[in-house]
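Asks: Attaching a single structure in structure tokens format; questions to follow.
The values are calculated or read from the model by the stated rules, or taken from the named source; none is laboratory data. Please read all numbers here as calculations on a predicted model, not as lab measurements. For neighbour counting, all protein chains shown are included, and Cβ atoms are generated from backbone atoms with ideal geometry for every residue, glycine included.
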Amino acid sequence: MKKLALINLIVLIAIKSISACEFPHGKEPVSVFDGREIYFWAMFIGSFLLFVPVVALYYLRKRRGLATILLSIITLLVFIPALIAASFINGMCSDGALIAAVILGDFFVMSLLFTIQLSSWISERKTNLKLR
């Protein structure tokens, strides 16, 4: 009897979780991506493309700034599973805000790492020029 009650509870929860996504006609949430898909795609691709100048600046700085390289690799390795997890958590029921936050967050971190690497290279060049 307890098994039957547990099975009924599981089936009820499954039905509720599936039907929880239904909205009244005309009341669906507005997607974050509506009309802005190109910006999110640009940030998504840009976060991967920013890795190239970070590595180039690493070699211009004569292999200094390994922490920045490692942080950018870790960021990119964490980004894909985070994006997949956000899409599973968000599901089909929402406006996509969690996925957009993950994309914006990764783009921000990669831009910050690039800025740190670039400013370190510029300041290093200025000090080297003053020492000459």
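Asks: Any residue at all in the stretch 84-106 that is more than 19 Å from S31 (Cβ to Cβ) and touching a residue at least 24 places away in the same chain (Cβ under 8 Å)?
Replies: Yes, because at least one residue in the stretch 84-106 is more than 19 Å from S31 (Cβ to Cβ) and touching a residue at least 24 places away in the same chain (Cβ under 8 Å).
Asks: Quick check on this structure: which one of V109, V102 is modelled with pLDDT of 90 or more and either polar (S, T, N, Q) or within 13 Å of the chain's Cα centre (by Cα) (or both)? Give the derivation first.
Replies: Working: V102 fails: modelled with pLDDT of 90 or more.
Being modelled with pLDDT of 90 or more and either polar (S, T, N, Q) or within 13 Å of the chain's Cα centre (by Cα) (or both) holds for just one of V109, V102, which is V109.
Asks: Which of (1) modelled with pLDDT under 90; (2) closer than 17 Å to T115 by Cα; (3) not aliphatic (A, V, I, L, M) is the odd one out, the single condition F48 does not satisfy?
Replies: Result: F48 passes all but (1).
Asks: Using the structure shown, decide if F33 is at pLDDT below 90, within 19 Å of the chain's Cα centre (by Cα) and not in a helix (DSSP H, G or I).
Replies: Numbers: at pLDDT below 90: yes; within 19 Å of the chain's Cα centre (by Cα): yes; not in a helix (DSSP H, G or I): yes.
Yes; evaluated as a whole, the condition is true for this residue.
Asks: Is it the case that A100 is surrounded by fewer than 17 Cβ atoms within 10 Å (Cβ to Cβ) and either at negative phi or in contact with an Asp or Glu (Cβ under 7 Å, 6 or more places away or on another chain) (or both)?
Replies: In short, no.
Asks: Take the residues of the stretch 63-84 that are exposed (fewer than 13 other Cβ atoms within 10 Å of the Cβ) and of a type outside the set (A, V, I, L, M, F, W, C): which is farthest from the chain's Cα centre (by Cα)?
Replies: The selected residue is R63.
Asks: Identify all residues within the stretch 45-62 that are under 17 Å from the mean Cα position of the chain (by Cα) and crowded, with 17+ Cβ neighbours inside 10 Å; write none if there are none.
Replies: Listed by number, the residues that qualify are S47, L50, F51.
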